[in-house]
Amino acid sequence: MMYFKLMKVFFKENFSFKKLIGTDLKTSKIKAILIIVAIIYGFGSVILGFGFMFFEFGKILQEANMIEMLLEFVFIYGTFLSVFFVLFRANGYLFHYKDFDILQPLPIKSRTVIFAKLTVMLAFIYITVFLIVSPIVFSYFYHSGFDILKLLTIIVLLLMIPLLPLVIFAFVSLLIARFSANFRFSKALNLILMFTFFLGIMYLSMSMNFSGDSPLSGQIGVFASISKYIITAQWFKTAVHDLNLLAMLGVVSLSLVLLTGFIFLIEKLVIKTNQMGMTTKVRSTNKAVISKKREMIVNIIDKEIKKFFSVTVYVFNSGFGPIMMAIGGVAILIFKEDLLTYIDLFEGVGLNFEAMVLLLLGFLISTVFTSAISLSLEGKNFWILKSLPIKAETVMFGKMLFNVILTLPLSLFALFMASIALQFSFVNLLVMSLYLISLCFLSSALGSVINLHFPKFNYVNETEVVKQSLGALLGMFSTWLIVTVNALIYYFLSDLSFPVLILLNIILNSGLFIGVFFYIKKAAQPIFYKL
Amino acid sequence: MLKIVNVSKSYDKKKKAIDQINLEIYPGDIYGFIGHNGAGKTTLLKAIAGILNFDEGEITIFGKSIAKDNLEAKKVMAYIPDNPDVYESLTGIQFLDFIADAYDVSLEKRNNLIKKYAQMFEIESVLNNPISSYSHGMKQKVVIMSALIHNPKVMLLDEPFVGLDPKASYLLKEVFHELVAQGTLIFFSTHVLEVAEKLCNKVAIIRNGKIVANGLTLDVIKDKSLENIFIDLLNES
């Protein structure tokens with residue numbers, strides 16, 4: 001059957017081992033193993049952390065005889081994830097797919113192609129939804145008692161949860177794409193939308209009640225009011241908790257009917273939108289063509305900035321740290337009083353808030369790993385840099401400086417704001433600023449070395465480099481490692497005063513930076529030539 | 001001059017993509033490089049341009065070794081790939097400036113050349129637009145302009161006529177003649193045998209990584225056509 005043949009190809013394209021881990025097990029076993037370990041670690045820590053929170057939360061709900069509330073969480077989390085995926089993926093998966101020119105001339109029914117495309121998109125959604133809600137489901141069964149029928153009901157209904165968001169938000173996704181294409185800065189618009197969505201979710205998650213027993217208790221009210229207006233959420237809860245067959249049939253039949261209708265409805269639309277293609281409006285100017293002569297390193301930095309803002313996934317993954325620094329910097333001033341109350345609470349524990357601020361900023365700096373992937377992102381354009389008479393070290397330093405530009409100003413801004421709110425002494429502020437400078441430079445330089453040794457030039461889209469390459473992973477880990485070493489020095493030599501301890505770390509980071517800097521200077525050219 | 005001595009390169013350490021290549025190309029030459037798909041044309045061009053390293057041999061550009069004196073050798077050279085993959089986030093003029101800065105071309109000189117070639121290839125009106133909005137042919141024209149912006153002594157081109165409209169192809173051939181008159185040497189690969197026959201004073205034919213014929217075009221083809229020679233040489237294998 002053609003549907004299964006298409007599925008085989010699409011799944012190979014989207015879920016192949018090489019695609020998922022970003023490297024080939026046959027050609028580089030160590031790389032592949034390292035990535036697999038890191039992925040397991042990453043997922044494991046998220047699931048375990050999430051799991052622990054919901055386990056404790058489930059205990060509280062069970063004591064209050066409200067354990068079924070967890071099912072509302074399952075439904076809302078599943079729905080939100082589905083909305084997110086559909087909103088950002090449906091346009092590319094359905095309405096403007098890249099292989100339209102290959103598939104359309106083939107003697108295959110459009111409906112079959114659409115259904116296959118939908119299946120692949122749904123597979124992505126199902127994997128994510130099942131992974132994220134599994135700790136909640138575990139908590140539910142642990143505290144309310146395991147029941148195989150309930151488990152089967154949950155599995156069946158989890159397969160239905162993404163269908164309603166799919167039907168509604170696929171059109172929203174198309175509308176956003178077509179609307180933003182009318183603007184010159186359509187990418188910026190998409191970025192703002194993505195960040196707003198994420199920050200909205202974060203705000204929702206942060207609507208915690210710290211005075212309660214669980215940070216999740218603050219969400220009960222919000223979720224309960226959402227569920228009140230969504231009939232399927234109530235059916236979902238009743239179908240699982242009370243094993244109500246009618247409610248289950250309600251969810252299943254409604255979802256399947258809507259999906260079928262959706263496929264029939266969008267068939268012509270999918271063909272039309274794909275035929276139209278996606279071209280962003282370019283404003284033609286009568287401006288005279290003006291040349292500018294600049295230093296090569298300035299050119300490289302400028303090119304990096306333009307590349308950064310032209311790839312949504314790049315900004316979204318590496319730009320979250322700076323945005324959080326900016327938001328955090330402002331928020332710390334606004335919520336100064338609340339913060340000072342918490343500081344009073346922790347005063348007796350002996351926590352140093354200057355060190356905590358540095359640790360937090362260190363973590364945010366580690367999320368900005370552009371220097372560890374920007375060489376890889378040259379991809380098919382790498383021939384340009386290789387064929388030009390530009391020193392490899394100039395290219396690498398340009399990429400490194402771009403990373404510093406992204407991290408340093410905003411981390412210093414956040415630090416100054418924190419110092420105003422928390423009244424750090426001048427000496428402390430000075431050493432903390434120097435520490436951030438040393439960390440930003442070292443982190444960027446380490447990223448450059450990592451990318452020189454672990455480049456990935458063959459990729460279909462940038463996501464493979466930004467999210468799945470070894471460079472990205474090591475880039476983030478290397479900064480964590482430095483921050484951990486700095487923290488250990490702080491911990492083991494805690495008899496020394498704060499400025500002295502930070503100075504020791506500055507000396508260590510600066511020494512390491514000088515070493516790495518000269519390594520790049522010496523090794524970049526020969527490595528470049530072999531790449 | 002461009003001198004290639006005993007150059008070999010293998011991607012998998014088993015089969016040689018180019019095997020013991022020897023060629024000498026002099027200023028004023030338009031040297032055509034012909035071969036079947038996968039024969040090793042792009043590999044050799046990339047090796048000369050300093051994009052790919054090679055396992056054996058030596059490539060010198062006006063006495064500078066591309067392996068040992070990489071930057072100096074590149075300063076007199078321009079390379080145009082078979083596919084115009086360029087920085088799509090830049091505008092046409094930003095890309096040209098980037099390349100001109102790499103070769104340290106003065107503002108006056110670059111302005112003159114950009115004006116001249118932009119008019120010639122009829123892309124003046126789009127130079128302020130992002131390259132991502134260009135068609136394949138327009139991108140190709142920008143890449144060609146970027147190669148001409150520093151008056152190179154050596155021009156390496158990989159299938160330069162693919163994707164160009166007839167007028168642009170004609171203009172590019174005119175540019176070739178203009179450059180060789182100034183002493184530039186041009187080495188380009190092509191599948192279009194007629195172009196090679198009419199345009200090149202010298203040709204080399206590569207088969208499975210080895211040069212099987214090279215020299216003056218007239219000497220290579222004698223009383224036959226280049227197409228017949230090419231097919232005969234392929235059939236010999």
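Nothing in this text is a laboratory measurement; each read-out follows from the coordinates by a stated rule. Given the structure is predicted, the values throughout are model-derived calculations rather than measurements. Cβ: placed from backbone, ideal geometry, glycine included. Neighbour counts: every protein chain shown.
The residue among A:M53, A:V251, A:I67 whose Cα reaches farthest toward the positive pole of the charge dipole of chain A, with charges on the beta-carbon of Lys, Arg, Asp and Glu, is A:V251. Ranking B:L45, B:V142, B:F62 by how far each Cα lies toward the positive end of the dipole of chain B (charges on Cβ) leaves B:F62 at the top. For the protein assembly as shown, the Cα gyration tensor yields ellipsoid semi-axes of 54, 35, 23 Å (square root of five times each eigenvalue, largest first, whole Å). Coupling constants for region B:135-141 follow from the phi torsions by the Karplus curve (6.51 cos²θ - 1.76 cosθ + 1.60, θ = phi - 60°), and in residue order they are 7, 4, x, 5, 4, 4, 5 Hz; glycine and proline get x.
Sort A:H143, B:H150 so that the residue with the fewest other Cβ atoms within 10 Å of its own Cβ comes first and the one with the most comes last. Fewest-to-most Cβ neighbours within 10 Å comes out as A:H143, B:H150. Here the dipole of region A:296-528 is about 1100 debye; that uses its Cα centre as origin and unit charges on the Cβ of Lys and Arg (positive) and Asp and Glu (negative). The mean count of C-beta atoms from other chains within 10 Å of the C-beta of residues in B:63-73, rounded to a whole number, is 2.
Test of understanding: given chain B, find the longest segment containing no chymotrypsin sites (Phe, Trp or Tyr not before Pro) that are in a DSSP loop and have at most 16 other Cβ atoms within 10 Å. For chymotrypsin sites (Phe, Trp or Tyr not before Pro) (loop position, at most 16 other Cβ atoms within 10 Å), the longest site-free span of chain B is B:63-237.
Dipole of the protein assembly as shown computed with +1 at Lys/Arg Cβ and -1 at Asp/Glu Cβ about the Cα centre; of A:V427, A:L412, A:P322, farthest Cα towards the positive end is A:P322. Each residue, A:L503 and A:F15, gets one label point 7 Å from its Cα in the Cβ direction; the gap between the two is 5.9 nm.
Across chain A, C-alpha contacts under 8 Å between residues 6 or more apart give a mean separation that, scaled by the residue count, equals a relative contact order of 16 percent.
Please report, in whole Å³, the volume per residue of the convex hull around the C-alpha atoms of chain B.
122 Å³
Couplings for region A:160-167, taken from phi via the Karplus curve 6.51 cos²θ - 1.76 cosθ + 1.60 with θ = phi - 60°, read 8, 3, x, 5, 5, x, 4, 4 Hz in order; Gly and Pro are left as x. Dividing the mean sequence gap of close Cα pairs (under 8 Å, 6+ apart) by how many residues region B:1-145 holds gives a relative contact order of 20 percent. With angles folded into 0 to 90 degrees, how steeply does helix B:226-236 sit against the dominant principal axis of chain B? Use alpha carbons for both and round to 10. The angle comes out at about 50 degrees.
Diffusion coefficient of region A:485-531 by Stokes-Einstein, Kirkwood radius over Cα pairs, 10 °C, 1.306 mPa s: 127 µm²/s.
Quote the Stokes-Einstein diffusion coefficient, in whole µm² s⁻¹, for region A:66-277, based on the Kirkwood radius over alpha carbon pairs, a temperature of 37 °C and a viscosity of 0.692 mPa s. D, rounded to a whole number, is 175 µm²/s.
With a 10 Å cut-off around each Cβ of A:296-307, the average count of Cβ atoms from other chains is 3. The ranking of A:I373, A:I527, A:I390, A:I102 from fewest to most other beta carbons within 10 Å of each one's beta carbon is A:I102, A:I527, A:I390, A:I373.
Using just the helices of chain B, give the 222 nm mean residue ellipticity in deg cm²/dmol: DSSP H runs with n ≥ 4 each add -39,500 (n - 2.57), and the total is spread over all residues, rounded to 500. Counting only the DSSP helices, I get -11500 deg cm²/dmol.
For region B:48-83, applying the loop criterion from DSSP together with a ceiling of 16 other beta carbons within 10 Å to the trypsin sites (Lys or Arg not before Pro) yields B:K68. When you restrict to C-alpha pairs under 8 Å that are six or more residues apart and normalise by the size of region B:116-237, the relative contact order lands at 18 percent.
May I ask for the net charge around A:P389, where only other residues with Cβ less than 14 Å from the Cβ of A:P389 are counted and Lys, Arg are +1 while Asp, Glu are -1?
+1
What separates the Cα centres of region B:10-67 and region B:178-237 is a distance of 16 Å.
How big is the dipole moment of chain A about its Cα centre under a simple scheme where the beta carbon of each Lys and Arg is +1, that of each Asp and Glu is -1, and everything else is neutral? Debye, nearest 20, please.
3020 debye
Most simply put, the protein assembly as shown has about 50% antiparallel DSSP beta bridges, counting only bridges with both residues inside it. For B:I80, the residues whose modelled amide H falls within less than 5 Å of its own, excluding neighbours fewer than 5 places apart on the same chain, are B:L156, B:L157, B:D158.
Distances between placed amide hydrogens fall under 5 Å for B:D55 paired with B:S8, B:K9, B:S10, all partners being 5 or more residues away or on another chain. As a rough footprinting exposure proxy, the listed residues A:M396, A:M356 were ranked by other beta carbons within 10 Å of their own, and the order from fewest upward is A:M356, A:M396. Normalising the Debye intensity of region A:296-528 to I(0), with uniform scatterers on Cα atoms only, and taking log10 at q = 0.17 Å⁻¹ returns -1.18. Counting Cβ atoms of other protein chains within 10 Å of each Cβ in A:308-314 and taking the mean gives 1.
Here the 3J(HN,Hα) profile of region A:75-82, calculated from phi with Karplus coefficients 6.51, -1.76 and 1.60 at θ = phi - 60°, is 5, 5, 4, x, 5, 4, 4, 5 Hz, Gly and Pro shown as x.
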